[in-house]
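Beneath this line is the structure, given in structure tokens, with notes to follow.
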Amino acid sequence: MVEDAFTMSTAAPEEGITLRDGRVVHLRPVQPSDESEFLQAFERIDDASRYMRFMRSVKEPNVERLRKVLASFPQAGAGLVATVPAADGYDIVGSALYFVEEGASCEFAITVTPQFARGGLGSALMQALIASARARGLEEMVGFVLTVNEPMLRLARRLGFKVGVDPDDASVRLCRLALH
């Protein structure tokens, strides 16, 4: 089962996951060498999906920020990518990350390319991410989701997150999951 498959260590193996439409993706921990594939994945994400992920309009990837994020694992958090075979080796079609906050809390972020949306990939990524945070001994996972991002809010609720209004921004929902 996906939720038991990953602790996000660099030694974790790839695991094949069959989506609802029969396509198979491979889940594995993020690696610094994934930089060019993340940049290609950014180009495959439409403007609406970028807006939902970054909560603002983003036209160009922040390469410096990407490098810092990739170099920060596993100390600052954990990341997981979903890949499929491609002519150049592989393509990243989804990713899920968490960053450890103060205390025993972490904040998650997830992206699924539109071509792989609504097939169960987001759920598989989030289940693996939650399992990793639990294995790390974290107590709570939080995420900030735009109110208009109904698919992500439905997924969060299905996975047991409590969803409330962000006290600092009414256009954002704060999703919280107790991990113990």
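The values are calculated or read from the model by the stated rules, or taken from the named source; none is laboratory data. What you see is a predicted model, and the numbers here were worked out from it, not measured in a lab. Cβ atoms come from the backbone with ideal geometry, glycine included; neighbour counts cover every protein chain shown.
Some observations on this one:
- When restricted to residues that are in a loop (DSSP other than H, G, I, E, B), at pLDDT below 90, touching a helix residue (DSSP H, G or I) at 6+ places or on another chain (Cβ under 9 Å) and among the charged types (D, E, K, R), the stretch 1-55 contains 1.
- Set 37, 107, 60: member being surrounded by 15 or more Cβ atoms within 10 Å (Cβ to Cβ), without any contact (Cβ under 8 Å) to a residue 60 or more places away in the chain and under 24 Å from residue 172 (Cβ atoms): 107
- Any hit, the stretch 76-93, residues being in a loop (DSSP other than H, G, I, E, B) and of a type in the set (S, T, N, Q): no
- Filter result (free of Cβ contacts under 8 Å to residues at least 40 places away in the same chain and either part of a loop (DSSP other than H, G, I, E, B) or farther than 20 Å from residue 29 by Cβ (or both)) within the stretch 119-142: 137, 140
- Residue ID - farthest from residue 103 (Cα to Cα), chosen from residues in the stretch 139-180 that are among the charged types (D, E, K, R) and in contact with a Ser or Thr (Cβ under 7 Å, 6 or more places away or on another chain): 173
- Evaluation of residue 107 against (1) in contact with a Phe, Trp or Tyr (Cβ under 9 Å, 6 or more places away or on another chain); (2) of a type outside the set (Ser, Thr, Tyr); (3) at pLDDT below 90 (one fails), failing number: (3)
- Residue check for residue 97: assigned to a helix (DSSP H, G or I) and under 21 Å from residue 19 (Cα atoms): no
Here is a yes/no grid of residues against (1) closer than 26 Å to residue 15 by Cβ; (2) in contact (Cβ under 8 Å) with a residue 60 or more places away in the chain:
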| site | (1), (2) |
| --- | --- |
| 54 | no, no |
| 70 | yes, no |
| 73 | yes, yes |
| 85 | yes, no |
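So that you can scan it fast, the table gives a plain yes or no per residue for (1) among the hydroxyl-bearing types (Ser, Thr, Tyr); (2) out of contact with any His (no Cβ under 9 Å at 6 or more places or on another chain); (3) surrounded by fewer than 17 Cβ atoms within 10 Å (Cβ to Cβ):
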| position | (1), (2), (3) |
| --- | --- |
| 130 | no, yes, no |
| 140 | no, no, yes |
| 145 | no, yes, no |
| 154 | no, yes, yes |
| 157 | no, yes, yes |
| 160 | no, yes, yes |
| 164 | no, yes, yes |
| 170 | no, yes, yes |
